[in-house]
Amino acid sequence: MNLQRHLSRTAQTNLTYYNRTIASGKPLQDLGASPAINLLELVDKCDVIFTMLANDRVLTETVQSIADSFISITSKIFVDCSTVHPDTTESVSRTISGLGAVFLSAPVFGGPAIAATGQLVFAIGGPGPAAAGCGEEPKIASLLKIGENIITLNLMEAVGEAQVFAEHTGLGTTAIEELITESFGGVAGGYSKRLTSGIHPTPR
């Protein structure tokens with residue numbers, strides 16, 4: 001969303017996007033982005049293709065469908081932002097590279113609230129100038145994302161234990177939530193709010 005806002009604000013070429021669920025792309029279209037009829041149309045029209053897919057199987061099948069098409073992807077850049085196993089990253093990188101394109105692994109750190117403020121962090125791995133200043137091996141970015149997930153899971157568990165402690169001792173969840181947010185920042189505070197409000201992300 002922020003990328004399309006930037007493109008519109010600076011009068012640059014709008015994004016072309018594809019989503020299997022048409023309604024999911026409506027907010028982008030409202031900002032000026034153009035929907036593609038299908039994935040292959042998008043790949044054919046664009047020089048830089050970003051993907052963010054649900055899991056390893058979907059990513060592998062998507063890349064294979066591109067490989068099986070008659071579309072030339074020579075010199076195109078594929079940037080995958082999915083959270084997948086490093087072996088999957090390595091496999092799809094070989095497929096894309098074998099067709100003359102460049103593959104970058106760029107898993108994302110941060111949830112929707114952070115994305116809305118334009119503060120997402122990307123771990124980028126890939127070849128040569130396409131990933132200037134970053135590692136050459138795409139799978140290293142996937143490993144870094146797994147490391148971040150380990151930290152996240154432990155942080156969520158710690159926040160949950162603190163909230164259980166506060167509830168059982170009579171300290172109260174509000175006080176401990178304020179402490180968590182002040183001491184450990186908005187990410188930990190956000191996990192606490194999910195627990196105390198009962199509002200959780202919709203399963204994909």
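Computed from the coordinates by the stated procedures, all read-outs in this text should not be read as laboratory data. Everything numeric here is computed off the predicted structure, so don't read it as measured data. Positions of Cβ are backbone-derived with ideal geometry, glycine not excepted, and every protein chain shown enters the neighbour counts.
Spatially, region 14-39 and region 92-122 are offset by 18 Å when compared through their Cα centroids.
Summarising the amide proton neighbourhood of LEU104: residues at separation of 5 or more, or on other chains, whose placed amide H is nearer than 5 Å comprise PHE78, VAL79, ASP80.
The relative contact order of region 147-197 comes to 34 percent, based on Cα pairs under 8 Å that sit 6 or more residues apart.
With only Lys, Arg, Asp and Glu charged, each at its Cβ (+1 for the first two, -1 for the last two), find how big the charge dipole of region 147-197 is about the Cα centre; round to the nearest 20 debye. Can you show the working numbers first?
Values: 2 positive and 7 negative charges, 23 e Å.
That gives a dipole near 120 debye.
Only helices enter the 222 nm calculation for the chain: every DSSP H run of n ≥ 4 contributes -39,500 (n - 2.57), and dividing by all residues gives -16500 deg cm²/dmol, rounded to 500.
Comparing Cα centroids, region 45-73 and region 151-204 end up 38 angstrom apart.
Rounded to the nearest 0.05, what FRET efficiency is calculated for ALA115 and HIS168 with R0 set to 30 Å and r the Cβ-Cβ distance? If you can, show how the numbers build up before the last one.
Values: r = 35 Å, r/R0 = 1.16.
The formula returns an efficiency of 0.30 here.
When region 1-137 is described by a simple charge dipole with +1 on each Lys and Arg Cβ and -1 on each Asp and Glu Cβ, the residue from HIS85, GLN12, VAL63 located farthest towards its positive end is GLN12.
Determine, from the Cβ-Cβ distance of ILE37 and ARG194 and an R0 of 35 Å, the FRET efficiency 1/(1 + (r/R0)^6), rounded to the nearest 0.05.
Values: r = 37 Å, r/R0 = 1.06.
After rounding to 0.05, the efficiency reads 0.40.
Placing +1 on the Cβ of every Lys and Arg and -1 on the Cβ of every Asp and Glu, with no other charges, gives region 1-137 a dipole of roughly 500 debye about its Cα centre. Each of PHE184, PHE165, ILE150 was scored by the projection of its Cα onto the charge dipole of region 89-204, and the greatest displacement toward the positive side belongs to ILE150; charges sit on the C-beta of Lys, Arg, Asp and Glu. What is the local net charge at GLY189, summed over the other residues whose Cβ is closer than 12 Å to its Cβ (Lys, Arg +1; Asp, Glu -1)? Local charge sum for GLY189: -1.
In the list (i) 1.04; (ii) 0.98; (iii) 0.94, the label attached to Rg/Rh (Cα atoms, Kirkwood Rh) as derived from the coordinates here is (i).
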